[in-house]
Amino acid sequence: MAEVLVYVDHVDGAVRKPTLELLTLARRIGEPVAVALGNGAADTAAALAEHGAVKVLTADAPEFTDYLVVPKVDALQAAYDAVSPAAVLLPSSAEAKEIAARLALRIGSGIITDAVDLEAGDEGPVATQSAFAASYTTKSRVSKGTPVITVKPNSAAVEAAPAAGAVEALTVSFSDKATGTKVLSRTPRESTGRPELTEAAIVVSGGRGVNGAENFAVIEALADSLGAAVGASRAAVDAGWYPHSSQVGQTGKSVSPQLYIASGISGAIQHRAGMQTSKTIVAINKDAEAPIFELVDYGVVGDLFAVVPQLTDEVTSRK
Ligand code: FAD
């Protein structure tokens, strides 16, 4: 069976969920060979094997942290040369998309970004992308070279599929461009203690109806009672009430949690594009005609400042 390279997104050896989703998709088109780079790379092996990686290629070197993406491209190309895979899959993070584009250029292949599904095809993997705020889906395949495909988080369910996961050290010789741009400092984002938005099982989002940065405390209180991440509509982000990193939608993040609670959000098509695949959708809106109600499993017509605190109290009282 053909091998499929999977680029591993991890933090000091802790594999992030989008990579486990990639392994699910990779198994549809071949045998996943994972490539883990940087600090803690070898520590990723157990989780990757648990989810179907037949082999884990690892490399660690100061270049991966001291410079921007080129050293990682060099390493992924070394893995590509060693394996001759049927496809290369990466998560659709900003960094991984840059790595994907550079790799595709180097190996003379076509690239598909932001796929939401992947299947085997007679002439190579077929990727589904979602277009025009998820009003259309397109299916495409790379017609030149080995397909390089980035996949959006939450596009597939994580499935355990124990495999050998044999760990092998990857030999990388860095190109002269590898040290072209040095990282001078890194400032970690202040932790909120909440789960990462794209990986959370529950997301509570606020929109223009929240009516002010200080009022987001109401949304955060509900999120914290549920162990959820906090999201925001673009209107709330543009107003400066919540950071852009929390924006859900076409120009924000795509989420697909078990439960999505939209408060004071009208349900514009660009917002839906980022949340409509959520398993259960609840909306709280004082306008019974708001388009979000066309989409929901449960809707509450009411003032969020009355409804949300009651919900928070109810959840808290049941703990
Ligand atoms: P509004 O549409 O103003 O809705 C506010 C809602 O709150 C109303 O339904 C109102 O009834 C309700 N409300 C008010 N007060 C209360 C209260 N006290 N209690 C309960 N309900 C109340 N939007 C995104 O969200 N994400 C994107 O990524 C995104 N990308 C875009 C990209 C492009 C190219 C464009 C053109 C637009 C994009 N937008 C995006 C913007 C989008 O079109 C909408 O303008 C935006 O989603 C509206 O945000 P909202 O629902 O919070 O605000």
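Find the residue count for segment 219-248, including only residues that are in contact (Cβ under 8 Å) with a residue 40 or more places away in the chain and either of a type in the set (Gly, Ala, Ser) or within 24 Å of Ile269 (Cβ to Cβ) (or both). First the steps, then the outcome.
In the first step, residues of segment 219-248 are kept if they are in contact (Cβ under 8 Å) with a residue 40 or more places away in the chain; the result is 219, 221-222, 225-226, 231, 245-246, 248.
Of the ones still in play, those that are also either of a type in the set (Gly, Ala, Ser) or within 24 Å of Ile269 (Cβ to Cβ) (or both) are 219, 221, 225, 231, 245-246, 248.
Residues that pass the stated criteria total 7.
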Output the number of the condition that Glu95 fails; it satisfies all remaining conditions of (1) under 21 Å from the mean Cα position of the chain (by Cα); (2) open to solvent by 50 Å² or more (accessible area, probe 1.4 Å); (3) under 15 Å from Phe174 (Cβ atoms).
-> (3)
Taking the stated definitions as given, is Thr146 of a type outside the set (Lys, Arg) and open to solvent by less than 50 Å² (accessible area, probe 1.4 Å)?
-> yes
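Of Thr171, Thr128, Thr150, Thr146, which residue is in a strand (DSSP E or B) and in contact (Cβ under 8 Å) with a residue 24 or more places away in the chain? Please lay out each step first, then the result.
Working: Thr171 fails: in a strand (DSSP E or B); Thr128 fails: in contact (Cβ under 8 Å) with a residue 24 or more places away in the chain; Thr146 fails: in a strand (DSSP E or B).
The conditions single out Thr150.
Does Ala47 satisfy the criteria of being closer than 23 Å to Asn154 by Cβ, under 23 Å from the mean Cα position of the chain (by Cα), open to solvent by 20 Å² or more (accessible area, probe 1.4 Å) and touching a residue at least 12 places away in the same chain (Cβ under 8 Å)?
On the way: closer than 23 Å to Asn154 by Cβ: yes; under 23 Å from the mean Cα position of the chain (by Cα): yes; open to solvent by 20 Å² or more (accessible area, probe 1.4 Å): yes; touching a residue at least 12 places away in the same chain (Cβ under 8 Å): yes.
Judged against the criteria, Ala47 is a match.
Quick one: would you say Leu23 is of a type in the set (A, V, I, L, M, F, W, C), buried (at least 19 other Cβ atoms within 10 Å of the Cβ) and more than 10 Å from Val6 (Cβ to Cβ)? Steps first, please.
On the way: of a type in the set (A, V, I, L, M, F, W, C): yes; buried (at least 19 other Cβ atoms within 10 Å of the Cβ): yes; more than 10 Å from Val6 (Cβ to Cβ): no.
So Leu23 does not fit the description; no.
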Within segment 79-92, can you find the residues that are of a type in the set (A, V, I, L, M) and in a helix (DSSP H, G or I)?
-> Ala79, Ala82, Val83
Inspect all residues belonging to segment 102-114 and state whether any of them is open to solvent by less than 30 Å² (accessible area, probe 1.4 Å) and closer than 13 Å to Leu22 by Cα.
-> no
Of the candidates Gly249, Gly274, Gly231, the one satisfying the condition of being closer than 24 Å to Val151 by Cβ, within 11 Å of the ligand (Cβ to nearest atom) and touching a His at 6+ places or on another chain (Cβ under 6 Å) is Gly249
Could you tell me whether segment 151-164 includes any residue that is open to solvent by 50 Å² or more (accessible area, probe 1.4 Å) and on the phi > 0 side of the Ramachandran plot?
-> no
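Before we move on, is Asp74 charged (D, E, K, R) and open to solvent by less than 20 Å² (accessible area, probe 1.4 Å)?
Values: charged (D, E, K, R): yes; open to solvent by less than 20 Å² (accessible area, probe 1.4 Å): yes.
Yes: the conditions hold for Asp74.
Looking at segment 201-214, which of its residues are open to solvent by 10 Å² or more (accessible area, probe 1.4 Å) and under 28 Å from Glu21 (Cα atoms)?
Narrowing segment 201-214 to residues open to solvent by 10 Å² or more (accessible area, probe 1.4 Å): 201-202, 208-209, 211, 213-214.
Selection gives Ala201, Ile202.
Would you check if there is a residue in segment 120-141 being under 17 Å from Asp9 (Cβ atoms) and of a type in the set (A, V, I, L, M, F, W, C)? Show your work before the answer.
First pass over segment 120-141, keeping only residues under 17 Å from Asp9 (Cβ atoms): none.
Scanning segment 120-141 turns up no residue that is under 17 Å from Asp9 (Cβ atoms) and of a type in the set (A, V, I, L, M, F, W, C).
Looking at the structure I just gave you, is Lys144 over 26 Å from the mean Cα position of the chain (by Cα), assigned by the TED database to the domain that holds Val6 and charged (D, E, K, R)? Full working, then the answer.
Values: over 26 Å from the mean Cα position of the chain (by Cα): yes; assigned by the TED database to the domain that holds Val6: yes; charged (D, E, K, R): yes.
Yes, satisfied.
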Considering (1) open to solvent by less than 30 Å² (accessible area, probe 1.4 Å); (2) in contact with an Asp or Glu (Cβ under 9 Å, 6 or more places away or on another chain), say which one Leu89 fails and leave the rest.
-> (2)
Within the set of pairs 6+ apart or on separate chains, which have a first residue in segment 279-298 that is among the basic types (Lys, Arg), a second that is assigned to a strand (DSSP E or B) and within 13 Å of the ligand (Cβ to nearest atom), and C-beta atoms under 7 Å apart?
-> Lys286/Val301
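The values are calculated or read from the model by the stated rules, or taken from the named source; none is laboratory data. Every value quoted in this text rests on a predicted model; they were computed, and no experiment measured them. Here the Cβ is made from the backbone with ideal geometry for all residues, glycine too, and neighbour counts use every protein chain on show. Surface accessibility is based on the protein's heavy atoms, side chains included, excluding ligands, DNA and RNA. Shrake-Rupley method; radii C 1.70, N 1.55, O 1.52, S 1.80 Å.
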